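Undergrad: The structure's right below; bear with me while I get my questions together.
The values are calculated or read from the model by the stated rules, or taken from the named source; none is laboratory data. The structure presented is a predicted model; accordingly, all values stated were derived computationally and were not measured. Cβ sites come from the backbone with ideal geometry, for glycine too, and all protein chains shown count toward neighbours.
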Amino acid sequence: MATTQRGRPRAFDREQALERALRTFWEHGYEATSVAGLTRAMGISPPSLYAAFGDKRALFEEVLEVYGQTYGAFTGRALAEEPTGRGAVARLLREAAAEYTVGGRPAGCLVIAAAVNCTSPEVEEDLRARRKATIALIERRVREDADAGRLAPGSDPTVLAHYIGAVIQGMSQQARDGASRSVLEGIAALATAAWPAASSGA
């Protein structure tokens with residue numbers, strides 16, 4: 001008589017499942033993404049999701065970390081690598097126009113888009129903190145230009161940094177509404193032209 005063995009749960013590619021979860025959150029936002037939608041997209045069962053990633057919020061936190069190290073990494077590179085604040089911001093806006101409109105993946109920025117209609121105070125605060133951290137990095141680069149005499153006298157680095165943040169957030173939403181890369185590049189160029197550089201230039 002044949003012996004029947006209970007099969008082990010089918011293994012899955014964790015990184016691939018995480019990438020699918022990332023794109024699901026990116027496309028639909030945190031609130032509108034259900035556990036059922038996640039498991040369908042990831043190709044795993046609910047017990048496997050909870051065992052591998054914890055609950056929906058824990059999975060989203062891991063997704064945000066992956067996003068920051070991959071699709072969203074251009075922000076940190078632009079702000080860290082350029083020699084001037086104006087150059088860093090110009091590159092950031094230019095690359096945002098390109099990254100937000102890449103075909104074959106959701107448009108815009110996950111950190112911005114996922115906050116729409118979010119009713120979780122904890123998730124909302126996490127996303128807000130990440131956006132504020134980016135603005136703080138921009139402000140640091142703006143102040144470097146001010147200290148070096150590259151910014152027009154009377155310019156307020158805090159206001160300028162928040163202005164750039166507003167442009168980036170607007171570009172993300174415009175991309176999700178169907179704006180093309182060329183349109184976003186035009187917005188980036190206008191914002192860069194508005195930079196209050198000192199008369200001697202930088």
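Undergrad: Just to check your reading of the model, which residue among Thr39, Thr70, Thr24, Thr4 is more than 30 Å from Asp156 (Cα to Cα), at pLDDT below 95 and either of a type in the set (Val, Ile, Thr) or not assigned by TED's automatic domain parsing to the domain that holds Arg140 (or both)? So that I can check it myself, show each step before the final result.
TA: On the way: Thr39 fails: at pLDDT below 95; Thr70 fails: at pLDDT below 95; Thr24 fails: at pLDDT below 95.
Going through Thr39, Thr70, Thr24, Thr4 in turn, just one is more than 30 Å from Asp156 (Cα to Cα), at pLDDT below 95 and either of a type in the set (Val, Ile, Thr) or not assigned by TED's automatic domain parsing to the domain that holds Arg140 (or both): Thr4.
Undergrad: Also: Suppose we filter Asp145, Asp126 for residues that are touching a strand residue (DSSP E or B) at 6+ places or on another chain (Cβ under 6 Å) and either in a helix (DSSP H, G or I) or in the same structural domain as Phe25 (by TED's automatic domain parsing) (or both); which single one remains? Let's see the steps before the verdict.
TA: Numbers: Asp126 fails: touching a strand residue (DSSP E or B) at 6+ places or on another chain (Cβ under 6 Å).
Criteria check complete, one pass: Asp145.
Undergrad: Just give me the residues in segment 112-149 being within 26 Å of Glu185 (Cα to Cα), surrounded by 16 or more Cβ atoms within 10 Å (Cβ to Cβ) and aliphatic (A, V, I, L, M), in sequence order.
TA: The answer is Ile112, Ala113, Ala114, Ala115, Leu127, Ile135, Leu137, Ile138, Val142, Ala146.
Undergrad: OK, next. Scan segment 150-173 for residues that are surrounded by fewer than 16 Cβ atoms within 10 Å (Cβ to Cβ) and closer than 16 Å to Glu185 by Cα and jot them down.
TA: Across segment 150-173, the qualifying residues are Ala166, Gly170.
Undergrad: If you take the residues in segment 92-111 that are in contact with a Ser or Thr (Cβ under 7 Å, 6 or more places away or on another chain) and either outside any helix (DSSP H, G or I) or modelled with pLDDT under 95 (or both), which one is surrounded by the fewest Cβ atoms within 10 Å (Cβ to Cβ)? It would help to see each step written out before you state the result.
TA: Start the filter on segment 92-111 by keeping residues that are in contact with a Ser or Thr (Cβ under 7 Å, 6 or more places away or on another chain), which leaves 92-93, 100-101, 107-109.
Those still in the list that are either outside any helix (DSSP H, G or I) or modelled with pLDDT under 95 (or both) too: 100-101, 107-109.
Numbers: Tyr100: 24, Thr101: 22, Ala107: 20, Gly108: 23, Cys109: 25.
Here the answer is Ala107.
Undergrad: Let me ask another. When you go through Glu19, Glu15 one by one, which is the residue that is at pLDDT below 95, closer than 26 Å to Glu124 by Cα, under 25 Å from the mean Cα position of the chain (by Cα) and assigned to a helix (DSSP H, G or I)?
TA: One residue alone meets the criteria, Glu15.
Undergrad: Just to verify a result, which residue in segment 56-91, among those that are among the acidic types (Asp, Glu) and farther than 17 Å from Leu127 by Cβ, is surrounded by the fewest Cβ atoms within 10 Å (Cβ to Cβ)? Before the answer, list the steps.
TA: Residues of segment 56-91 among the acidic types (Asp, Glu): 61-62, 65, 81-82.
Then keep just the ones that are farther than 17 Å from Leu127 by Cβ; that gives 81-82.
Working: Glu81: 10, Glu82: 16.
Across segment 56-91, the extreme among qualifying residues is Glu81.
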